[in-house]
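Below is one structure; the comments refer to it alone.
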Amino acid sequence: MKKKLFSLLFLLASLMGYAQKRLPDKTVVLTFDDGCISHYTYVAPLLKKYGFKATFYVCEFPGWPDSTKYMSWAQIKQLSDWGFEIGNHTAHHQNVDGLTDAQLRTEITYVERKCDSLHIPKPTSFAYPAYVTSQVSLKILTEMGYITARVGGDRAFDPAKDDRLTLPSYTLLSNNRQLFYDAVNQAKDGKAVVFTIHGVPDAAHPWVTVPPALFEEYIKYLHDQHFKVVTMEKLFKMIKK
């Protein structure tokens, strides 16, 4: 009985400690979905130029392989070798609420095995396709060792309130420039801002494209205003310090 009580008190103390961690002002995470070819040809070189890190959530989107629209696994491996984080976006961009337990595990494991075969570090961050979540997915991601999982919501991440497996983000598009500037102003008071970006541009899904000139404007602003741009993995480590 005493042992169980001690374990419970330790868990509560750990959770309280997690909630009390404050992130430095101007902490930003850039995340990129769907394995678009522009992530390799344009985004990564630009981020390297400015010394920024990012998390790329990869999958084999319906229509893959198509070298005019999507990265190959060799190119994804190159992103990893350049120091970017590779995250899991399911094997085939499947909404998790429509999958059985076994199907979801298969979708997640597929990406993990591809990474393992190429000596890419095992993903510890997940992005829900279309931002759709489910109670089953939370359980499975926890069991499979995922530390963070990203949704949408267009709001800042507050480690004192938000669950790490439903971590909110702002979605950048071609027509919401002001959202970027409003969002980065929220990266303060212990909160971080996470951005979801698709292709720059996105040949397969033009409705979520971000024009290269606009994206470079954002990156230059983050650099000039001295924002700390990190991966999802690094964000969690900052919280746990």
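The values are calculated or read from the model by the stated rules, or taken from the named source; none is laboratory data. Not measured: the values here are computed from a predicted model. Neighbour counts run over all protein chains shown; Cβ positions are idealised from the backbone, glycine included. The area values use the complete protein model at the heavy-atom level, side chains included, leaving out ligands, DNA and RNA. Shrake-Rupley method; radii C 1.70, N 1.55, O 1.52, S 1.80 Å.
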* Structure fact -> When the range 136-153 is checked residue by residue, the ones that are among the polar types (S, T, N, Q), within 18 Å of Lys240 (Cβ to Cβ) and touching a helix residue (DSSP H, G or I) at 6+ places or on another chain (Cβ under 9 Å) are Thr148
* Would you check which residues across the range 177-217 are loosely packed, with under 15 Cβ neighbours inside 10 Å, under 28 Å from Thr68 (Cα atoms) and in contact with a strand residue (DSSP E or B) (Cβ under 9 Å, 6 or more places away or on another chain) and list them? => Ala203
* To do: For residues that are hydroxyl-bearing (Ser, Thr, Tyr) and loosely packed, with under 14 Cβ neighbours inside 10 Å, scanning just the range 110-148, find the one that is nearest to the chain's Cα centre (by Cα).
  => Thr142
* Asked: Among the residues of the range 92-101, is any within 29 Å of Tyr50 (Cα to Cα) and open to solvent by 70 Å² or more (accessible area, probe 1.4 Å)?
  -> no
* Which of (1) open to solvent by 70 Å² or more (accessible area, probe 1.4 Å); (2) modelled with pLDDT of 95 or more; (3) of a type in the set (Val, Ile, Thr); (4) over 21 Å from Lys220 (Cβ atoms) is the odd one out, the single condition Thr41 does not satisfy? -> (4)
* Structure fact -> In the range 42-101, anything over 15 Å from the mean Cα position of the chain (by Cα) and charged (D, E, K, R) is listed as Lys48, Lys49, Glu60, Asp66, Lys69, Lys77, Asp81, Asp97, Asp101
* To do: Could you look through the range 62-91, keep only residues that are open to solvent by less than 60 Å² (accessible area, probe 1.4 Å) and of a type in the set (Ser, Thr, Tyr), and pick out the one that is nearest to Pro206 (Cα to Cα)?
  => Tyr70
* **Contacts under 7 angstrom Cβ, first residue in the range 76-97 being of a type in the set (Lys, Arg), partner open to solvent by 20 Å² or more (accessible area, probe 1.4 Å), 6 or more apart** => Lys77/Leu118
* For the subset of the range 26-53 comprising residues that are touching a His at 6+ places or on another chain (Cβ under 9 Å) and assigned to a loop (DSSP other than H, G, I, E, B), which member is nearest to Arg150 (Cα to Cα)? -> Asp34
* Failed item, numbered, when Lys191 is tested on (1) in contact with a Phe, Trp or Tyr (Cβ under 7 Å, 6 or more places away or on another chain); (2) of a type in the set (Lys, Arg); (3) modelled with pLDDT under 95 -> (3)
* To do: Quick one: count up the residues across the range 196-235 that are modelled with pLDDT under 95 and farther than 22 Å from Ile37 by Cβ.
  => 0
